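The values are calculated or read from the model by the stated rules, or taken from the named source; none is laboratory data. The model shown is predicted, which means the values in this text are computed figures rather than measured ones. No Cβ is skipped: glycine too gets one built from the backbone with ideal geometry, and neighbour counts run over all protein chains shown.
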């Protein structure tokens, strides 16, 4: 399917402030980026770089006053998510080097404290790594209520498990931590999702099995396509859309995803 994505951020700053943005689409994935635009008002100097995880980052210094940043893209996205219920667990010694970091505990994914719970969820699954992850995903979906305004930017996987509610970010953190606790590499994804309601940027996760990465979404019992990736990381700390170092306020944010002919 062909999608048009758009994100607009409006900031107000009382001083010149260093700002790092993750607003450009991730390169090197199966979908095709037909066009991508970025506008900043007022016009200021920006510098681009690629971070440790391969994300396209923008560095700039905000002027005093109002700053409007707009991005849009047209993408030929995958309509369906690849599923392989027979995909096998990959032994640690056979993992590629770049997957190892996604086995480790991270700030919001305390995988070293969830081993017992993870094994209780997958106790009757022996052969398929994919089915193990699917069971974890279903458990999170059924036991954690997807509810807005119930968590904060510092809520971790253990916090979500305790409170039993959260947003997409929180459900993904818990599912990732459970996967890592049974030695399945899992990485956090932020991006756009077609037909998401209410529309916003969305978080899901991917796991490494049988030589490739597979998409999972703990907010859905049936995976839907129409996903466009902005960034990957160990957890939400690595993929903040905006990271700033000073006195700046987000005044408005608009996100849209449209299907086009």
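What to note about this one:
- Some residue of the stretch 154-167 being under 19 Å from residue 83 (Cα atoms), in contact with a helix residue (DSSP H, G or I) (Cβ under 8 Å, 6 or more places away or on another chain), surrounded by fewer than 19 Cβ atoms within 10 Å (Cβ to Cβ) and not assigned by TED's automatic domain parsing to the domain that holds residue 57: no
- Only one entry of 176, 182 meets the criterion of being at pLDDT 95 or above, more than 24 Å from residue 11 (Cβ to Cβ) and crowded, with 24+ Cβ neighbours inside 10 Å, and that entry is 176.
- Test: residue in the stretch 59-75 that is more than 30 Å from residue 245 (Cβ to Cβ) and at pLDDT 95 or above: yes
- Scanning the stretch 5-15 for residues that are part of a strand (DSSP E or B) and surrounded by fewer than 17 Cβ atoms within 10 Å (Cβ to Cβ) gives 6, 8, 10, 12.
- Here is the figure for the stretch 123-144: residues that are touching a strand residue (DSSP E or B) at 6+ places or on another chain (Cβ under 7 Å) and part of a helix (DSSP H, G or I) total 4.
- Filtered residues of the stretch 97-145 (kept if closer than 15 Å to residue 206 by Cα, surrounded by fewer than 17 Cβ atoms within 10 Å (Cβ to Cβ) and free of Cβ contacts under 8 Å to residues at least 40 places away in the same chain): 98
- Which listed residue is in the same structural domain as residue 175 (by TED's automatic domain parsing) and under 20 Å from residue 170 (Cβ atoms), from 110, 98: 110
- Any hit, the stretch 124-138, residues being under 22 Å from residue 242 (Cβ atoms) and at pLDDT 95 or above: no
- Residue in the stretch 226-257 that is farthest from residue 74 (Cα to Cα), counting only those that are crowded, with 16+ Cβ neighbours inside 10 Å and over 12 Å from the mean Cα position of the chain (by Cα): 248
- Top-ranked residue of the stretch 203-236 - restricted to ones that are touching a strand residue (DSSP E or B) at 6+ places or on another chain (Cβ under 7 Å) and not in a strand (DSSP E or B), ranked as nearest to residue 145 (Cα to Cα): 219
- Scanning the stretch 72-96 for residues that are surrounded by fewer than 19 Cβ atoms within 10 Å (Cβ to Cβ) and under 30 Å from residue 40 (Cα atoms) yields a count of 4.
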